[in-house]
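Here the structure comes first, spelled out in structure tokens, and everything after it is commentary.
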Amino acid sequence: NAGVTQTPKFRVLKTGQSMTLLCAQDMNHEYMYWYRQDPGMGLRLIHYSVGEGTTAKGEVPDGYNVSRLKKQNFLLGLESAAPSQTSVYFCASMPGTHHGYEQYFGPGTRLTVT
Amino acid sequence: GEDVEQSLFLSVREGDSSVINCTYTDSSSTYLYWYKQEPGAGLQLLTYIFSNMDMKQDQRLTVLLNKKDKHLSLRIADTQTGDSAIYFCAESMLDSNYQLIWGAGTKLIIKP
């Protein structure tokens, strides 16, 4: 199993540009999450999904959109990037209730918005 | 609202025990977790404790939970250079789709 993979690993955007980050998991997990990590602030939840076709807002959803069209993929979109979105983005997945509560993390995507 | 707090840094000598502390505010927590993040990598689960337990031991790791004081600690015995990392405390609640509330992380620095 590859576990949780994220593409790309690094990206530099200009203000106003758009992009999509892809998260894929091959563990048949129900739950998937997108976080951002900023220095001294821990992880903050952007959006999450409790199953294929579902999405929900987390703590800091503004400026981001997500889709979960297939169970194994969770996409994070930035429609119009801003310098405040410079961060490291982590995707995670979890089996779901009654099957384990550990979140498995991808390696992260480092995004810089200039 | 929910909040999880940790000290940002801890420095210990190689071979000593490290104790990383965490306080949380939500008494309805179900699981409390310790994750480890090495430089340039994602987070990896170290251990977790269910909220009705007060201690869990796993090789060099000991987790203590004081529900009355809402205090969680992670003790690493015989700290090695490979333990250098950022350690995150997190809590999850049954009624929030198991979203995790994260502390800011404690950077463990090992002195030779």
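Pair-distance distribution of the protein assembly as shown: all C-alpha pairs, bin width 10 Å, starting at 0; shares per bin in whole percent are 8, 33, 35, 20, 5, 0.
Starting from the coordinates of the alpha-carbon atoms of the stretch A:3-114, obtain the Kirkwood hydrodynamic radius over all distinct pairs and give the value in Å to one decimal.
13.9
Whole Å is fine, so just give me how far the alpha carbon centre of the stretch B:45-63 lies from that of the stretch A:41-79. The distance from the Cα centre of the stretch B:45-63 to that of the stretch A:41-79 comes to 30 Å. Listed by chain and number, the lysines placed with their C-alpha closer than 26 angstrom to that of B:Lys107 are A:Lys9, B:Lys36, B:Lys56, B:Lys67, B:Lys70; residues fewer than eight positions away on the same chain are left out. Of the residues A:Leu111, B:Ser7, A:Met32, the one whose Cα sits farthest toward the positive end of the charge dipole of the protein assembly as shown, with +1 on the Cβ of Lys and Arg and -1 on the Cβ of Asp and Glu, is A:Leu111.
Determine the gain in length on full extension of the stretch B:Leu45-B:Ile109; use 0.36 nm per residue of separation and subtract their C-alpha separation, reporting nm with one decimal. Please list the in-between numbers first.
Numbers: separation 64, 0.36 × 64 = 23.04 nm, distance 1.93 nm.
Result for the pair: 21.1 nm of gain on full extension.
Residues with beta-carbon under 14 Å from that of A:Lys57, excluding A:Lys57: net charge, scoring Lys, Arg +1 and Asp, Glu -1? After counting each charged neighbour, the total is +1.
In the frame of its principal axes, chain B has Cα extents of 44, 28, 20 Å, reported largest first.
Within the listed set A:Gly53, A:Gly42, A:Gly16, the Gaussian network model of chain A (springs between alpha-carbon atoms below 10 Å) gives the highest mean-square fluctuation for A:Gly42.
Pairs of Cα atoms nearer than 8 Å and 6+ residues apart set the relative contact order; for chain A it is 35 percent. Between A:Ala82 and A:Lys57, the FRET efficiency estimated from the beta carbon spacing at R0 = 22 angstrom works out to 0.75. As a ratio to 2.2 N^0.38 Å, the alpha-carbon radius of gyration computed for the stretch A:1-45 takes the value 1.41. Between B:Leu72, B:Leu64, B:Leu32, the GNM of chain B built on Cα springs shorter than 10 angstrom shows B:Leu64 fluctuating the most.
Each reported figure results from applying straightforward, stated rules to the coordinates on display, with no laboratory input. Everything numeric here is computed off the predicted structure, so don't read it as measured data. Glycine also receives a Cβ, built like all others from the backbone with ideal geometry; neighbour counts cover every protein chain displayed.
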